[in-house]
Amino acid sequence: MKACIITDFAMICNMGTEPAEILNALDSGQYGSMPETEVTGRRVPVGKVSAALPQIQQPQWATRTNALLLHALERLRHSWNSVAPDRLGIVIGSSNSGIEEYHKSWQKQGVTEEGLQLLEVGNVAGFVAHITGAAGPCYTLSTACSSSAKALASAARLLQAGVCDAVIAGGGDALCNYALQGFDALQLVSGERCRPFTLQGGGVNHGEGAALFVLTLAEPVEGDILLAGYGETADAYHTTTPEPDGAQATRAMKAAIQMAGLQPSDIDYVNLHGTGTDANDGMELNAMRATFGIQQPPCGSTKAYTGHTLGAAGALETAICTALLQRGKQQLPAQPWLVGEALPADINFSATTRRPLQHCLSNSFAFGGNNIALVLTRHA
């Protein structure tokens, strides 16, 4: 039976550009680079990428978000260049796109057509299509922090509908002062490195990055990583605050597990959305209890390492899960900020699994109560 297979993937964030490099840092608890920037008169850490990025010469595409995407895309060229252009689809998630570059353009020249092209959220998908020559379906999803996880689910649907032979999906977001100021206005930005699930009101750190996947539909062989299930729901509760009991997040997780043909007890690791805000983290703990009951799988957040990469977060964390599954060991990302904390006794924050990793669930929850959970499986 054919399945949605991750043929290849690439990622870039403040922790590095190679999966092995990033996993080594996660194993040892080595945080990514977090230089400080100013927001409303105080200094806050942000997860800024230090790797050299490719230069984009065409002005209509020249954004840092696109440069991050291009860095990832260049590592995937061998996986998509043999696909017929009209059978290659593009689905990219982004929240910021080129807001920073548009603002600079507006300061210099006012409103111009070229500047508006930088601002357009569809710019990111158009850029990837421009680089690859893809002539199949091409669009951007912008649902805040669930954007790039939803791009993967959307790509799976294109494949299952027979519209594409391959889809490049994922997402990217560069650091954006506009977004940072907005989060700070909501009193959600931490002045220190964030500490998910300590429930001490610290808040988020912003970050930047990109992760892209080449997805195909094929008969899986041993070792293939499958996008086995996804579940999408909406709270309809509040613009920026999640529904406290996590009812719709629970529905998303259960739907993804069911689509994958699994039971909750089959999940070996849950990559939590885990932003470091009390409202989000508390809701997600409630959803974990409702989904898994007394058989809690190991779980944790990686946002203390990378910062919250907004529209790129779902894809970046899916890429981390993909790398963990390819490795197939019992080691999970360390969570040193939890040492010595009074943690809920019914939640399993262990850094090892009870068996070699085979099934991962990754959560992404966004403003507006926009929820998605993905299940990734290493085919045995």
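If only one of 119, 76 is surrounded by 13 or more Cβ atoms within 10 Å (Cβ to Cβ), of a type in the set (A, V, I, L, M, F, W, C) and modelled with pLDDT of 95 or more, which one is it? Quick ask: steps written out before the conclusion?
Numbers: 119 fails: modelled with pLDDT of 95 or more.
None of the other options fit; the residue is 76.
Of all residues in the stretch 239-290, which are of a type in the set (Val, Ile, Thr), out of contact with any Asp or Glu (no Cβ under 8 Å at 6 or more places or on another chain) and touching a residue at least 40 places away in the same chain (Cβ under 8 Å)? Working first, answer last.
Within the stretch 239-290, the first condition is being of a type in the set (Val, Ile, Thr), and the residues that meet it are 239-241, 250, 257, 267, 270, 275, 277.
Going one step further and asking which of them are out of contact with any Asp or Glu (no Cβ under 8 Å at 6 or more places or on another chain), we end up with 239-241, 250, 267, 270, 277.
Selection gives 239, 240, 250, 267, 270, 277.
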Checklist entry - Can you name the condition, by its number, that residue 337 falls short on among (1) surrounded by 24 or more Cβ atoms within 10 Å (Cβ to Cβ); (2) touching a residue at least 60 places away in the same chain (Cβ under 8 Å); (3) out of contact with any His (no Cβ under 6 Å at 6 or more places or on another chain)? => result (1)
Item to check | Count of the stretch 102-116 residues which are surrounded by fewer than 19 Cβ atoms within 10 Å (Cβ to Cβ) and small (Gly, Ala, Ser) | outcome: 1
Checklist entry - Mind checking which residues of the stretch 129-165 are touching a helix residue (DSSP H, G or I) at 6+ places or on another chain (Cβ under 8 Å) and of a type in the set (A, V, I, L, M, F, W, C)? => result 131, 134, 135, 138, 141, 144, 145, 149, 151, 152, 164
Checklist entry - Out of the stretch 79-101, which residues are surrounded by 20 or more Cβ atoms within 10 Å (Cβ to Cβ) and over 24 Å from the mean Cα position of the chain (by Cα)? => result 83
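Looking at residue 291, is it outside any strand (DSSP E or B), of a type outside the set (A, V, I, L, M) and in contact with a strand residue (DSSP E or B) (Cβ under 8 Å, 6 or more places away or on another chain)?
Details: outside any strand (DSSP E or B): yes; of a type outside the set (A, V, I, L, M): yes; in contact with a strand residue (DSSP E or B) (Cβ under 8 Å, 6 or more places away or on another chain): no.
Answer is no for this residue.
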Next on the checklist: When you check residue 23 against the structure, is it buried (at least 24 other Cβ atoms within 10 Å of the Cβ), among the hydrophobic types (A, V, I, L, M, F, W, C) and part of a helix (DSSP H, G or I), yes or no?
Outcome noted: no
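Just to be sure I understand, how many residues within the stretch 200-222 are within 27 Å of residue 35 (Cβ to Cβ), part of a loop (DSSP other than H, G, I, E, B) and of a type outside the set (S, T, N, Q)?
Of the stretch 200-222, the ones within 27 Å of residue 35 (Cβ to Cβ) are 200-212.
Adding the requirement that they be part of a loop (DSSP other than H, G, I, E, B) leaves 200-203, 205, 208.
Next cut, of a type outside the set (S, T, N, Q) only: 201-203, 208.
Qualifying residue count, the stretch 200-222: 4.
Name every residue in the stretch 252-279 that is of a type in the set (S, T, N, Q), more than 24 Å from residue 188 (Cα to Cα) and not in a loop (DSSP other than H, G, I, E, B), in order of residue number.
Of the stretch 252-279, the ones of a type in the set (S, T, N, Q) are 258, 263, 265, 271, 275, 277.
Pick out the ones that are also more than 24 Å from residue 188 (Cα to Cα) and you get 258, 263, 265.
Within the stretch 252-279, 258, 265 meet the criteria.
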Next on the checklist: Pairs please, first residue from the stretch 16-27 and at negative phi, second anywhere and of a type in the set (Phe, Trp, Tyr) and assigned to a strand (DSSP E or B), Cβ atoms under 9 Å, 6+ apart in sequence or on different chains.
Outcome noted: 19/9
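So that you can scan it fast, the table gives a plain yes or no per residue for (1) closer than 24 Å to residue 8 by Cβ; (2) in contact (Cβ under 8 Å) with a residue 24 or more places away in the chain; (3) outside any strand (DSSP E or B):
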| residue | (1), (2), (3) |
| --- | --- |
| 37 | no, yes, no |
| 43 | no, yes, no |
| 57 | no, no, yes |
| 73 | yes, yes, yes |
| 90 | yes, yes, no |
| 96 | no, yes, yes |
Checklist entry - residue 232 is checked against (1) touching a residue at least 60 places away in the same chain (Cβ under 8 Å); (2) more than 26 Å from residue 158 (Cα to Cα); (3) not in a loop (DSSP other than H, G, I, E, B) and fails just one. What number does that condition carry? => result (2)
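From the residues in the stretch 341-380 that are of a type in the set (Ser, Thr, Tyr) and either buried (at least 17 other Cβ atoms within 10 Å of the Cβ) or part of a strand (DSSP E or B) (or both), which one is nearest to the chain's Cα centre (by Cα)? Spell out how you get there, then give the answer.
First pass over the stretch 341-380, keeping only residues of a type in the set (Ser, Thr, Tyr): 350, 352-353, 362, 364, 377.
Retained after the next criterion (residues that are either buried (at least 17 other Cβ atoms within 10 Å of the Cβ) or part of a strand (DSSP E or B) (or both)): 352-353, 362, 364, 377.
On the way: 352: 22, 353: 22, 362: 9, 364: 7, 377: 17 Å.
Restricting to residues being of a type in the set (Ser, Thr, Tyr) and either buried (at least 17 other Cβ atoms within 10 Å of the Cβ) or part of a strand (DSSP E or B) (or both), the top hit is 364.
This table checks each residue for (1) among the aliphatic types (A, V, I, L, M); (2) surrounded by 18 or more Cβ atoms within 10 Å (Cβ to Cβ); (3) under 13 Å from the mean Cα position of the chain (by Cα); (4) not in a helix (DSSP H, G or I).
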{"residue": "148", "(1), (2), (3), (4)": "no, yes, yes, no"}
{"residue": "155", "(1), (2), (3), (4)": "yes, yes, no, no"}
{"residue": "158", "(1), (2), (3), (4)": "yes, yes, no, no"}
{"residue": "167", "(1), (2), (3), (4)": "yes, yes, no, yes"}
{"residue": "170", "(1), (2), (3), (4)": "no, yes, yes, yes"}
{"residue": "182", "(1), (2), (3), (4)": "no, no, no, no"}
{"residue": "187", "(1), (2), (3), (4)": "no, no, no, yes"}
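Test residue 282 against the criterion of being buried (at least 24 other Cβ atoms within 10 Å of the Cβ), small (Gly, Ala, Ser) and outside any loop (DSSP other than H, G, I, E, B), and give yes or no.
Details: buried (at least 24 other Cβ atoms within 10 Å of the Cβ): no; small (Gly, Ala, Ser): yes; outside any loop (DSSP other than H, G, I, E, B): yes.
Taking the combined requirement at face value, the residue does not satisfy it.
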Next on the checklist: For the stretch 54-73, which positions are within 26 Å of residue 144 (Cβ to Cβ) and either more than 20 Å from the chain's Cα centre (by Cα) or surrounded by 24 or more Cβ atoms within 10 Å (Cβ to Cβ) (or both)?
Outcome noted: 56, 60, 61, 62, 63, 65, 66, 68, 69, 72
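The values are calculated or read from the model by the stated rules, or taken from the named source; none is laboratory data. These numbers were taken from a predicted model, which means no experiment stands behind them. Virtual Cβ from ideal backbone geometry, glycine too; neighbours counted across all protein chains shown.
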